[in-house]
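Notes follow once the structure below has been shown.
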Amino acid sequence: MKFWILGVAVCCMAVVSATADQIQLTTGETLRGTIVEQSKEHVILNHSVLGLLNIASGDVASVSVVQAAQSEGGSEATGKLAKKPDTGVRQVPGHGSGALPGLFDMEMFENWDIRILMGLSGSDGNSQTSNIRIGLEADRADKHHRARFKSTYNYATSEGETTRNQFNAETTIDWLMPDSPWFSFVQGVYDFDEFKAWDHRVSGFAGFGYEMIMSPDVELIARTGGGVTKEFGGADDLRPEGLVSAGLLRWNVTDRQTVTGEVVFFPDLSDLERFRTIAKVDWQIKLDHQEGMKFKIGLEHEHESFTDGIKKHNDVKFYGTLVVDF
C-alpha cells in the first residue's frame, strides 16, 4: 500500500509542476509569482504568500516573465528591467475580462509556487525505529482567486513493525471578491490511514471565508461552510459535516522566520455530539546561504470524538522537515 501511495504523490507532483514569473533582486534573492504591473519606477508582483509586493526598480536586477501566449519555440521573454519595453500594466493570463475562472480552467495550473518537504529519522541500538515524512505543496494566487494543494505521507516503524502509515491530500480554491475581504471556497480532502477505524476517507466542502488580517507580516483567514464525508473500510459512513476554521496563513516573526497554523472544527450535522478537530502549527526557518531551502518543525493534533472502541481518539505528530522551493 505504501508504494501505491508514493506513486500517487509522484503523479501529483507532475500535475502541479509549472513555471512562474521571477524577479531577481540586487541582493541575490529571487521572488516568484505573477507580475501585474511593470514600469520604469517599480514592479508589482503578486506573491502567493506575501501578497502584492511593490518593488522599486533600483532593487531589481532582472525580470523573467512567462508570456500568456508563447511563440512556436516556446521561449520565455526574459531580460534586464532597464531593457524591457513593457511599461504598462500586465494582465493576469486568462483573466483580462475580470470574469471568475472556471474550476477546470487549465490556466489555473500555471505559475504555481512548488515546495517539496522531506524528513527522515531513525535509531539502531537498544531499539530500532525509522520515520519518513515526505510532502508536496503548491500555491498560486492572482487578483481573482487563490489556490493551494498539499499532500503528506507519513511512515514509521518500531522493531520492524509498522506503527504509522498515513497519506493526506488536500486542495482548496478560493474565489476572491473585488475590494472585499469576503470570498467563497471549495475544498476536497483524501485521507488514508492504516491504523484508523476506516481505511480511506473522502471529504468535500464549500462555503465562505473572511480575511480578518491581511498585512505585510500577518495573514489570518476564517472559513465556514459544509459538505459531506465518506469513509471506506470501516462503518462506510456517509455523513454531512460542517467546517469552521481559523488559519494563520503567515506570521513573519523575522525576515528569516515564519510561523503558520490552523485550527479546523468538523461537526457531524446529523449527530452534534460527534465531531473531529485538526490543529497544527509550523515554524519555518530560512537556512543561511541556501537559496530556496528552509527547515520546518511542526506539531499536528487530530481528535475524533467517535471511534470503534479500539482506536485512539487522539493522534499527535511531531516532525522536522527540509523544505525545497521550486
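Filter segment 221-266 down to the residues that are touching a residue at least 12 places away in the same chain (Cβ under 8 Å) and among the polar types (S, T, N, Q), then identify the one that is farthest from Gly51 (Cα to Cα).
Thr229
Could you identify the single residue in Gly298, Gly309, Gly320 that is modelled with pLDDT of 85 or more, among the small types (Gly, Ala, Ser), closer than 29 Å to Glu241 by Cβ and assigned by TED's automatic domain parsing to the domain that holds Pro240? Break it down stepwise before answering.
Working: Gly309 fails: modelled with pLDDT of 85 or more; Gly320 fails: closer than 29 Å to Glu241 by Cβ.
Being modelled with pLDDT of 85 or more, among the small types (Gly, Ala, Ser), closer than 29 Å to Glu241 by Cβ and assigned by TED's automatic domain parsing to the domain that holds Pro240 holds for just one of Gly298, Gly309, Gly320, which is Gly298.
Of everything in segment 227-250, what is crowded, with 17+ Cβ neighbours inside 10 Å and of a type in the set (A, V, I, L, M, F, W, C)? Give them in sequence order.
Passing the criteria: Leu243, Leu248, Leu249.
Answer yes or no as to whether Ala77 is under 27 Å from Glu137 (Cβ atoms) and at pLDDT below 50. First the steps, then the outcome.
Details: under 27 Å from Glu137 (Cβ atoms): no; at pLDDT below 50: yes.
No, not satisfied.
Might you let me know whether segment 263-279 holds any residue that is touching a strand residue (DSSP E or B) at 6+ places or on another chain (Cβ under 8 Å), among the hydroxyl-bearing types (Ser, Thr, Tyr) and part of a strand (DSSP E or B)?
Yes.
Of the conditions (1) surrounded by fewer than 15 Cβ atoms within 10 Å (Cβ to Cβ); (2) modelled with pLDDT of 85 or more, Phe275 fails just one. Which one is it?
(1)
Look at segment 174-226 and say how many of its residues are surrounded by 15 or more Cβ atoms within 10 Å (Cβ to Cβ), aliphatic (A, V, I, L, M) and in a loop (DSSP other than H, G, I, E, B).
1
Could you grab the pairs with beta carbons closer than 6 Å, sequence gap of 6+ or different chains, first residue in segment 32-43 and more than 16 Å from Ala20 (Cα to Cα), second one polar (S, T, N, Q) and assigned to a strand (DSSP E or B)?
Close Cβ pairs (under 6 Å, with a partner that is polar (S, T, N, Q) and assigned to a strand (DSSP E or B)) amount to His42/Asn54.
From the residues in segment 251-265 that are under 19 Å from His301 (Cβ atoms) and in contact with a Ser or Thr (Cβ under 7 Å, 6 or more places away or on another chain), which one is surrounded by the fewest Cβ atoms within 10 Å (Cβ to Cβ)?
Our first condition is that a residue be under 19 Å from His301 (Cβ atoms); within segment 251-265, this holds for 259-265.
From what's left, in contact with a Ser or Thr (Cβ under 7 Å, 6 or more places away or on another chain): 262-265.
On the way: Glu262: 17, Val263: 15, Val264: 18, Phe265: 17.
Here the residue is Val263.
The values are calculated or read from the model by the stated rules, or taken from the named source; none is laboratory data. The shown structure was predicted, so the numbers you read here are calculated from the model rather than taken from an experiment. Heads up, the Cβs are rebuilt from the backbone with ideal geometry, glycines too, and the neighbour counts pull from every protein chain shown.
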